[in-house]
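The values are calculated or read from the model by the stated rules, or taken from the named source; none is laboratory data. These figures come from a predicted structure and were not determined experimentally. Every residue, glycine as well, gets a Cβ built from its backbone with ideal geometry; the counts of neighbours run over all protein chains shown. Surface areas here come from the heavy atoms of the whole protein model, side chains and all, with no ligands, DNA or RNA. Shrake-Rupley method; radii C 1.70, N 1.55, O 1.52, S 1.80 Å.
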Amino acid sequence: MKSQALPLTRAEATDYRETTRSAEVLTFIDELCAATPLAKRLSLGLSSQGQDIAALVLSDRQCFTPELAHKQKKCIVMVEANIHAGEVEGKESVLALARDLTLTSLGRNILNRTCLVLVPNFNPDGNDIISPENRKLDLLQLEGQDGPESGVGIRYNGEGYNLNRDSMKQETPETQAMARFYQTWWPHLFIDCHTTDGSLHAFDLTFDTSRGNESLFAPVRTFARSMLERVSQSVKTKHDFTSFWYGNFVKENEPLSGWHTYPALPRFGSHYRGLLGRLDVLLETYSYLPFARRCEVMRAWLLELFRFAALKREAILKLLQVERKRLETRALVFDPSLRMAINHGVARQTEDQSLVFEYPAYALQGDSANILSFDLESLAARLYPGRRAKTYKVPHLRAYIPTEEVSIPIGYLAPQHLAEKLRQHGVNFSPAAAGSVHRAERYKILQKEATFSPDVATNVTRPGESEIPLSQKPQPKRFETVLSVRAERCDYTASEGLLWIPVAQRAGTLAVYLLEPHADDGLARWQFLDKDLKVGGYYPVVRVLEHQKPPRKAE
Ligand SMILES: [Zn+2]
């Protein structure tokens with residue numbers, strides 16, 4: 001194929017002054033699929049405003065279904081870009097890289113061992129609400145980004161929801177579509193592409209993986225961390241970009257205050273997928289780099305992650321098979337020593353008496369980070385790049401200490417109306433046998449309060465408008481229910497119409513997080529059980545420790 005016939009992204013065609021529109025993403029995908037037998041277009045479903053959320057699958061031997069990918073023992077790598085549709089490098093790099101992997105020799109040793117399932121434009125509605133005011137560079141606020149000059153879309157979807165806070169409540173069609181797609185493909189490795197502003201440093205990209213409940217998923221988390229360190233090294237040696245673990249200084253003008261990462265709440269996609277025992281990567285290009293360079297570093301990372309997945313395919317498949325088996329069997333019998341963290345929030349009362357939560361990260365003893373940054377005067381003056389390079393060795397705050405932990409039961413009995421939510425999460429359940437008796441724990445509700453959820457949902461931005469930057473505190477639209485409870489042992493007889501949800505299943509650990517009343521990100525927290533909750537009464541979901549008696553047979 002002649003090079004001039006290769007499709008170009010809008011960023012490439014405009015010398016990185018503009019970003020690709022949603023309709024153009026679809027045209028690009030269709031042109032590529034017409035030009036190569038290595039690519040196929042699929043659909044996740046429709047966005048809130050009815051646009052197709054397209055996926056582009058790349059592999060050899062016509063491997064375009066999960067069944068074939070598993071049969072051909074390929075490593076399935078799913079990439080999500082543009083979830084925050086002002087952070088567009090993922091979208092541009094995924095499209096350009098897809099073209100180069102299929103129409104040049106670049107993909108030869110990748111597409112025979114992997115199946116790449118690319119979602120270049122996960123938030124098509126947000127993508128098209130373009131304004132040069134969105135993510136406008138404001139170094140004094142440490143906010144915004146350097147280009148593209150003609151503007152980008154918004155952080156939220158077209159209805160004002162932050163899709164990267166929606167994993168547990170799944171209020172948007174986009175999140176529900178992605179959950180279905182993920183459950184169908186069950187990718188070994190998932191990569192989520194973002195752009196980050198914040199503290200002044202000299203890295204091109206920062207990365208992270210799932211956090212929280214490290215001990216429950218130890219082999220996968222250890223593998224993920226060493227994978228990221230290795231790929232970071234390859235990106236440095238082969239492409240000359242410098243990367244480090246995602247974070248910010250605790251205090252902007254005092255780098256020695258430490259380098260901290262973001263909360264381990266599973267409302268963030270990466271931590272959500274971590275509860276499923278799969279490999280997960282968060283990529284954040286650095287906002288203050290020029291747009292073209294941000295696209296280059298994103299491309300380098302994606303390419304090296306794909307190469308790693310191809311090279312380590314066998315080890316990855318084995319690791320995740322063992323992990324899945326562990327998830328599917330570990331709660332068959334109640335083991336009180338098996339504990340799970342369901343809350344990392346530290347409560348605080350504000351001056352106006354409202355209840356807020358912080359999710360502090362801590363540095364484990366001796367855990368330090370070498371942060372490439374600039375001299376103190378440059379940091380104080382908010383200069384980027386700063387006048388002099390300086391490396392600070394600082395505490396690395398990346399461990400989360402649970403404030404609530406529970407033992408893992410063998411299952412739950414839950415009211416029927418949760419069926420739809422559980423189905424969305426891929427949690428299996430069946431009707432509970434009415435009259436069956438269980439050694440169980442139920443929760444008495446001692447207190448019920450409300451707290452506001454920052455950056456979860458906001459005002460709808462209309463085409464032609466620009467979004468309100470986070471520093472200007474957009475109007476809060478979403479609140480959470482905070483429960484204080486006491487567990488009580490009982491013999492519990494299941495009544496008619498309850499659901500039985502076993503924990504020994506691939507989504508079982510996720511089910512625990514969803515169903516516990518005092519989880520910081522469960523269904524009760526997100527108000528799906530509000531109508532069943534009365535202070536002094538019992539929480540309607542019961543923890544089963546052991547089955548005692550099957551239901552009595554009809555006489
Ligand atoms: Zn983002």
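With R₀ fixed at 56 Å, the C-beta to C-beta distance from residue 356 to residue 495 puts the FRET efficiency at about 0.90. Dividing the helix sum by the residues of the chain, where each DSSP H run of 4 or more adds -39500 (n - 2.57), gives a mean residue ellipticity at 222 nm of -7500 deg cm²/dmol. Of all lysines in the structure, those lying under 17 Å Cα to Cα from residue 393, and not within fewer than 8 positions of it along the same chain, are 251. Computed over segment 171-233, the P(r) curve from all C-alpha pair distances, binned at 10 Å from the origin, holds 15, 36, 38, 12, 0 percent per bin.
Rounded to the nearest whole Å³, what is the per residue volume of the convex hull around the Cα atoms of the chain?
158
Remark: C-alpha extents of segment 82-138 on the principal axes read 42, 19, 17 Å, sorted largest to smallest. Taken as Cα centroids, segment 267-293 and segment 451-488 sit 21 Å apart, rounded to the nearest whole angstrom.
Distance between the 7 Å Cα→Cβ label points at residue 504 and residue 452: 4.7 nm. Computed from the Kirkwood radius of its Cα pairs, the Stokes-Einstein diffusion coefficient for segment 327-438 at 37 °C and 0.692 mPa s stands at 167 µm²/s. With each label modelled as a point 7 angstrom along the Cα→C-beta vector, the residue 472-residue 439 pair spans 6.0 nm. Heavy atoms of the protein chains alone define the surface here; on that basis segment 418-526 has 41 Å² accessible area per residue at 1.4 Å probe size. Measuring with a 1.4 angstrom probe and ignoring ligands and nucleic acids, residue 451 comes out at about 10 Å² accessible. Histogrammed with a bin width of 5 Å, the alpha carbon distances of segment 396-536 distribute as 2, 8, 15, 17, 19, 14, 9, 7, 5, 3, 1, 0, 0 percent, first bin at zero. Each Lys and Arg adds +1 at its Cβ and each Asp and Glu adds -1 at its Cβ; summed about the Cα centre, the chain shows a dipole of about 1960 debye.
Computed in the context of the full set of protein chains, the accessible area of the chain at 1.4 Å probe radius has 51% of its extent on carbon or sulfur.
Applying 0.36 nm per residue to the separation of residue 376 and residue 149 and subtracting their alpha-carbon distance, the gain on full extension is 78.7 nm. With coordinates expressed along the principal axes, the C-alpha atoms belonging to segment 104-167 extend over 46, 27, 20 Å, beginning with the largest. The share of Cα pairs per 10 Å bin across segment 43-112, counted from zero up to the longest distance, runs 17, 44, 32, 8 percent.
Using a probe of 1.4 angstrom and keeping all protein chains present, the accessible surface of segment 95-245 works out to 30 square angstrom per residue. Extension gain, residue 65-residue 349: 0.36 nm per intervening residue step, less the Cα-Cα distance, totals 97.1 nm.
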